Amino acid sequence: MPGAVNGKTILLIVGGGIAAFKALELVRELGRAGARVLPVLTENGARFVTPLSLSALAGEKVRTSLWDLEDEAAMGHIQLSRAADLIVVCPATADLMARAAAGQANDLAATLLLATDTPVLMVPAMNVRMWQHSATRRNLATLRADGIAVMEPDDGAMACGEFGPGRLPEVPAIMAAIAAQFGEKPLAGRHALVTAGPTHEPIDPVRFIGNHSSGKQGFAIATELAAAGARVTLVAGPVHLPTPAGVTRIDVMTALQMQAACAAALPADIAVMVAAVADWRVDAAGHKLKKDSSGPPPLMLTENPDILAGLGHHAQRPALVVGFAAETGDLIAHASAKRLKKAADWIVANDVSDGVFGSDHTHVQLVTATGAEDWGPTPKQAVAARLAARIADHFSGQP
Ligand code: CTP
């Protein structure tokens with residue numbers, strides 16, 4: 001993987017946060033992997049690491065200001081942003097993300113981000129509340145919609161004493177994300193719609209009907225499709241998983257909300273419906289149901305729309321529609337029947353009789369018009385990678 005960065009030029013923007021010291025380790029690792037690093041330090045970044053240590057490790061001059069005449073004479077900021085194969089912002093602070101999302105050009109870092117058409121990878125690190133604040137959520141969505149890859153921060157204890165997501169990812173994870181930026185992008189220009197997780201169907205304001213789907217398989221597929229260059233919209237039921245880098249996530253609760261989110265995401269080239277959608281919804285009470293002498297309340301069920309079948313028969317049908325089939329017997333027969341009934345091109349069939357839900361492993365067969373392929377017992381991540389590769393093959397050579 002790190003071989004991908006050998007010979008590449010990386011413009012590294014170091015923002016002002018306690019995690020800035022880890023940027024030094026990143027510079028060292030990039031150098032070891034054969035990359036040239038052009039460091040840029042924001043004014044606040046310089047409060048956490050010195051230009052001297054950064055330039056010593058990078059073996060390059062550190063740029064800090066828009067107004068350095070010497071720099072402008074040697075390499076203006078426009079050229080600087082274009083000299084790089086990739087721009088990495090590490091750590092990307094809440095402030096830097098906000099300024100980039102707003103298209104500001106009020107310091108060298110923001111101007112470089114605005115003046116470039118070079119791919120950008122942001123590696124956020126900030127206090128958990130800042131990360132979870134609706135303003136940062138908005139900025140994150142804007143940056144991703146603008147095509148900027150933003151890593152998910154790590155979860156854990158923070159320098160400020162709080163706990164939660166916001167820590168800078170470990171350097172090997174950042175190196176892998178950088179290498180992935182240089183990988184092949186066979187699905188560039190394609191839009192993929194992925195559903196994941198369960199749906200929750202309310203019984204009353206505090207109770208619901210749900211299922212054991214963890215969302216891991218759908219999130220892994222969204223990750224792999226994004227890594228292959230697709231623009232990915234991930235419609236996620238209620239799960240506790242971080243949003244994969246470069247993926248636009250839409251959180252929903254019920255099957256009807258999932259259906260509406262999928263319809264709103266069209267047109268798409270690829271649909272991969274992994275969600276375990278509840279087959280029925282309840283005629284929900286508007287108030288919390290009470291126990292009383294008349295016994296348990298009857299639950300009136302209504303069948304939910306089949307989202308996969310809806311897309312399979314849609315006027316704007318994606319060119320490739322892939323469904324999943326969870327079965328506890330007669331795997332291939334049931335999956336083949338579902339493929340035809342739901343107008344899907346492929347069905348990834350898995351046997352859920354022995355505890356696949358929540359596990360990191362699965363055993364699937366790919367059912368297509370020409371038959372079934374047994375992919376054997378594998379980690380869900382490997383199924384995701386193999387499926388993304390198959391999807392890329394399917395589109396290779398097509399305009
Ligand atoms: N699916 C869907 N909308 C539904 C039900 C299922 O989009 N309302 C999709 C799932 O995302 C999956 C495929 O259909 O891709 C098959 O789901 P599965 O639960 O195996 O099949 P069902 O159609 O629900 O059939 P059954 O439960 O009777 O086996």
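Shape class for the range 2-182, computed from the alpha carbon gyration tensor (a ≥ b ≥ c): rounded, with a/c under 1.5.
The Rg/Rh ratio for the chain is 1.04, where Rg is the radius of gyration of the alpha carbons and Rh is the Kirkwood radius. Modelled spin-label separation between Ala46 and Arg207, with each label point placed 7 Å from Cα along the Cα-to-Cβ direction: 6.4 nm. When +1 charges are put on Lys and Arg Cβ atoms and -1 charges on Asp and Glu Cβ atoms, the dipole computed for the range 2-182 relative to its Cα centre reaches about 200 debye. Positive end of the dipole of the chain (Cβ unit charges, origin at the Cα centre): among Ser134, Ala145, Ala385, the Cα lying farthest that way belongs to Ser134. Taking a straight Cα-Cα cut-off under 25 Å and skipping sequence neighbours fewer than 8 places away in the same chain, the lysines within cross-link reach of Lys342 are Lys216, Lys380. Of the residues Glu303, Glu29, Glu152, the one that moves most in a GNM of the chain with alpha-carbon contacts below 10 Å is Glu303.
Take the Cα of His361, step 7 Å toward its Cβ, do the same at Glu162, and the gap between the two points is 3.9 nm. The separation of the range 121-170 from the range 41-119, counted between C-alpha centres, amounts to 20 Å.
For the range 1-104, the set of chymotrypsin sites (Phe, Trp or Tyr not before Pro) satisfying both a DSSP loop assignment and a count of at most 12 other C-beta atoms within 10 Å is given as Trp67. Rounded if a/c is under 1.5, else prolate if a/b is larger than b/c, else oblate: which is the range 322-385, with a ≥ b ≥ c the root eigenvalues of its Cα gyration tensor? Taking the square roots of the gyration eigenvalues as a ≥ b ≥ c, the range 322-385 is prolate. Applying the criteria of a DSSP loop state and at most 16 other Cβ atoms within 10 Å to the chymotrypsin sites (Phe, Trp or Tyr not before Pro) of the range 290-399 yields Phe357. Between the beta carbons of Ala263 and Ala141, assuming R0 = 25 Å, the FRET efficiency works out to 0.80 to the nearest 0.05.
For the chain, the 222 nm mean residue ellipticity estimated from helices alone, with every DSSP H stretch of n ≥ 4 adding -39500 (n - 2.57) and the total spread over all residues, rounds to -10000 deg cm²/dmol. Working from label points 7 Å from Cα in the Cα-to-Cβ sense, the Asp292 to Arg129 distance is 4.4 nm. His240 to Ser53: FRET efficiency via 1/(1 + (r/R0)^6), r the Cβ-Cβ distance, R0 56 Å, to the nearest 0.05? After rounding, the FRET efficiency stands at 0.90. The H on the amide N of Ile250, modeled in the peptide plane, is under 5 Å from the matching H of Leu234, Val235, Ala236, each at least 5 residues off or on a different chain.
Quick check: from the Cα gyration tensor, does the range 226-382 come out rounded (a/c under 1.5), prolate or oblate? Prolate, because a/c is 1.5 or more and a/b exceeds b/c. Legend: calculated FRET efficiency, Asp154 to Arg28, from the Cβ-Cβ distance at R0 = 30 Å, rounded to 0.05, equals 0.90.
Throughout, read-outs are computed from the coordinates displayed, never taken from laboratory work. Bear in mind the structure is a predicted one, so any value in this text is a computation, not a measurement. Using ideal geometry, Cβ is built from the backbone for each residue, glycine included, and neighbour counts are taken over all protein chains shown.
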